[in-house]
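The values are calculated or read from the model by the stated rules, or taken from the named source; none is laboratory data. Remember, it's a predicted structure, so these values are computed and weren't measured experimentally. Don't worry about glycine lacking a Cβ; one is built from the backbone with ideal geometry, like all the others, and counts go over all protein chains shown.
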Amino acid sequence: MASEALFRVAPVPDKSIARMRGEIEPTLAAQEYQDQLDLLATERGEQIYRHDLILLGLGEDGHTASLFPGQKRSMKRRKESSQILSRS
């Protein structure tokens with residue numbers, strides 16, 4: 001939906017869109033996205049990828065990129081992306 005409404009009406013090249021695939025298993029989606037960001041940073045000679053614009057999706061319960069105190073999250077190294085599963 002965002003692709004058709006925003007990116008196709010403006011000439012935004014596909015290589016400029018870093019999308020986390022919400023339709024696949026969250027851990028895999030986060031790793032794919034992190035790999036994509038790492039590659040983009042390397043291509044630009046940057047330590048970490050710097051976004052020009054971030055468009056966040058909306059979850060089923062209306063939250064957008066919500067992190068809550070005490071929520072379990074495992075981070076073995078500094079990452080720019082992570083999957084977080086709520087206990088519902």
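Inspect all residues belonging to the range 21-35 and state whether any of them is without any contact (Cβ under 8 Å) to a residue 40 or more places away in the chain, within 21 Å of ALA2 (Cβ to Cβ), outside any loop (DSSP other than H, G, I, E, B) and of a type outside the set (A, V, I, L, M).
yes
With (1) surrounded by 11 or more Cβ atoms within 10 Å (Cβ to Cβ); (2) assigned to a helix (DSSP H, G or I); (3) at pLDDT below 90; (4) not aromatic (Phe, Trp, Tyr) as the list, and LYS15 as the residue in question, which single condition is left unmet?
Looking at each condition in turn, LYS15 falls short on (1).
Suppose we keep only residues that are in contact with a Phe, Trp or Tyr (Cβ under 9 Å, 6 or more places away or on another chain) and modelled with pLDDT under 75 within the range 39-82. Which one would you say is surrounded by the most Cβ atoms within 10 Å (Cβ to Cβ)?
Among them, the one singled out is SER81.
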